Amino acid sequence: MRKIALLSILFVFCGQLMIAQNQYRKKVKSTKNVILMIPDGTSVGVYSAARWYQIYNELGSDRLAVDPYWCGTVKTYNSNAPIGDSAPTTSAYMTGYLSQAGNVAIYPEVDNVHDIHPVDANKSLQPLTTVLEAAKYDLKKSTGLVVTVQFPHATPADCSSHYYDRGKYNILASQQVANKLDVVIGSGNQYLTEDLQKELEARGTRVIRDDAKALREFDANQNVWALYEKTNLPFDMDRDDNKIPSLSEMTGKAIDRLSKNENGFFLMVEGSQVDYAAHANDPIAIMTEYLAFDRAVQVAIDFAKKDGNTTVVVVSDHGNSGFTIGEYGFKNYARRGLNDVFGTVSQFKVSARKLEELLLKAKPEEFRSIVKENTGIEITEEELTTLLSSKDYKEGDYMNVSNSVNLSSSLSKMLNSRTPFGFTTGGHTGEDVLLAVYHPNGDVPMGMNTNIEFNKYLCDVVGLKRPLDELTSEMFAKHTDVFQGLDCDIDVSGEYPKLIVKKGKKQMIIPAFKSAVQLNKKNLDLKSVVVYMDKNKTFYLPKFLRVEFDK
Ligand SMILES: [Zn+2]
């Protein structure tokens, strides 16, 4: 009797274990091409609202492009916080390791108070090979990034560079150029310096700046970087189509180029500014920004179906703003029609950001008519006073828009008082994000996947032959290990630090954040980037450099 009880306990225990691993369990067939699409900071409510907005305004079908492919959720979090930041969340997708706010594709430092799982102090700051880098390095696939923010911003940086501080754009941009991406389309002209542009052009990469026509006419016969605006793009609803191509056009152009490689490609497309719109608590910008991304999803899916050997993955990196259809002030909600919910917001012709821009240039007596013309709203005397007394400056930090009393936050409060959408915060939120996958054989991850399990799926579907850890130890070995017994100096006098290794007359100069070294005045081109962490005064570089040095 006892034996049976014990057996059944064991049985139940095993069952529990199996349930605990409820993700994709079947073998995943890799596909030649993988398109990873990240609508940044997109909570569940965004998809629902964007879909209704599309229906109400008869903008297309009653389904989103992503709708047929929902398969599960992703638990997305930092190594030391349940609410994620863009830098560590996509890092986790790309590397298979959790990290901290600000970290770009590196192993985190120890946070004794908050670490959710044990963190190994010996590995802290270690750059980690990303899925994109592995696809290029080991499988000779083409790689690309398409974004609507500055190209070294957190999410694209996570795919193609390494550092502990997402704000160091010069360090991230240099690595992205050095990483020899085949296609980069997006924003951030300011961060592609003349030197970096020369580096691209020396490799035969076409550089297009602020020229929509040039990208539209691009024949995909060479690699390309196409950038628009100094920092981020305008929201899609405020975009001038003559000057800036849409995200879906950019995605199409990227695919045209990348699909020329017979080994296939890995492309990351980011709907970067759903996140900005959510930070700003701006419902019309949230919905239209998502829909612009959704049209890019359609482009990717159409290609994938025609191609037959392409997987498209759509997943956000974290929630943002607690955006909901419905809020405290929206009484009798179950008896209110579509028009009550979407009527007013559908009158908004511009984002709150754009409206602020217009008002900042206007005289006080023009405020009423400008608001009326762009939103259909008649503002009250009291609202006019509030708007006019808002701090008359442009908020520099988009993260703080909804927490500060400036014109744009007064505006979003005013607009939101007319609409039935709810927000709980102007920051990120910690709920799971939705996951959608189109795979030609239906090998999709189901149920709840942690961000680390999701990384495993990406590695499988890309078809990596070796674990990322093995590539990391090959591409990013500590210089103190690689050049053991040799004379090593770190020169920090220039724009980027240099490691100088010497033995007798032999000398190797290794600049940080580049992919080229000098050995006795001969140039040596590397397949991966060299990273320097000033925090531990360590260069992380390819192991084979020692063999080259000793030759
Ligand atoms: Zn994000």
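The values are calculated or read from the model by the stated rules, or taken from the named source; none is laboratory data. What you see is a predicted model, and the numbers here were worked out from it, not measured in a lab. Glycine also receives a Cβ, built like all others from the backbone with ideal geometry; neighbour counts cover every protein chain displayed. We work out accessible area using only protein heavy atoms, side chains counted, and drop any ligands, DNA or RNA first. Shrake-Rupley method; radii C 1.70, N 1.55, O 1.52, S 1.80 Å.
Once backbone amide H atoms are built at 1.01 Å from N, residue 421 has 326 as its partners under 5 Å, excluding neighbours fewer than 5 places away on the same chain.
Using a/c under 1.5 as the rounded threshold, could you call region 461-551 rounded, prolate or oblate? The axes a ≥ b ≥ c are square roots of the C-alpha gyration tensor eigenvalues, and prolate needs a/b larger than b/c, oblate otherwise. Before the final figure, lay out the partial values.
On the way: a/c = 1.79, a/b = 1.50, b/c = 1.19.
In terms of gyration-tensor shape, prolate.
Compare 240, 67 by solvent-accessible area with a 1.4 Å probe and give them largest first, with all protein chains kept in place. Please report the intermediate quantities before stating the final value.
On the way: 240 65, 67 25 Å².
These residues rank, largest area first, as 240, 67.
Would you please classify the overall shape of region 119-198 from the alpha carbon gyration tensor, given that a ≥ b ≥ c denote the square roots of the eigenvalues, rounded means a/c under 1.5, and beyond that prolate means a/b larger than b/c while oblate covers the rest? Verdict is oblate for region 119-198. In the chain, taking the dipole from charged Cβ atoms about the Cα centre, the farthest positive-side position among 360, 163, 204 is held by 204.
If you take the square roots of the eigenvalues of the alpha-carbon gyration tensor of region 140-238 and sort them as a ≥ b ≥ c, do you get rounded (a/c under 1.5), prolate (a/b over b/c) or oblate? Because a/c hits 1.5 or more and a/b fails to exceed b/c, region 140-238 counts as oblate. Taking every DSSP helix (H) stretch of at least 4 residues in the chain, weighting each as -39,500 (n - 2.57) and dividing the sum by the residue count yields a mean residue ellipticity at 222 nm of -10500 deg cm²/dmol.
For the chain, the membrane-span-like helix rule (DSSP H, alpha carbon extent of at least 20 Å along the helix axis, mean Kyte-Doolittle at least 0.0) picks out 2-20, 283-307; this says nothing about an actual membrane. Treating each Cα of region 35-191 as an identical point scatterer and summing with the Debye formula, the log10 of I(q)/I(0) at q = 0.08, 0.17 Å⁻¹ comes to -0.27, -1.03. Measure out, as a whole number of angstrom, how far apart the alpha-carbon centroids of region 485-510 and region 79-156 sit. Each part reduced to its Cα centre gives a spacing of 28 Å. Shown for the chain: the carbon plus sulfur share of the solvent-accessible area, taken with all protein chains present and a 1.4 angstrom probe, equals 52%.
Close amide H contacts of residue 208 (hydrogens built in the peptide plane, cut-off under 5 Å, sequence separation of 5 or more or a different chain): 225, 226, 227. Surface calculation, 1.4 Å probe, protein heavy atoms: residue 53 sits at approximately 20 Å² accessible. Solvent-accessible area per residue in the chain equals 43 Å², computed with a 1.4 angstrom probe and all protein chains kept. Quick one: Debye curve from the alpha-carbon atoms of the chain only, equal weights, vacuum; give me log10 I(q)/I(0) at q = 0.08, 0.10, 0.13 Å⁻¹ to two decimals. Scattering profile of the chain, log10 relative to I(0): -0.56, -0.84, -1.31. In vacuo Debye scattering of region 181-258, one point per C-alpha: log10 I(q)/I(0) at q = 0.22 Å⁻¹? Relative scattering, expressed as log10 I(q)/I(0), comes to -1.01. Loop-located GluC sites (Glu not before Pro) in region 253-353 (DSSP state other than H, G, I, E, B) with a sparse environment of at most 11 neighbouring Cβ atoms within 10 Å: 262. Roughly what % antiparallel, to the nearest 5, for the DSSP beta bridges in the chain? If we restrict to bridges inside the chain, about 50 percent are antiparallel.
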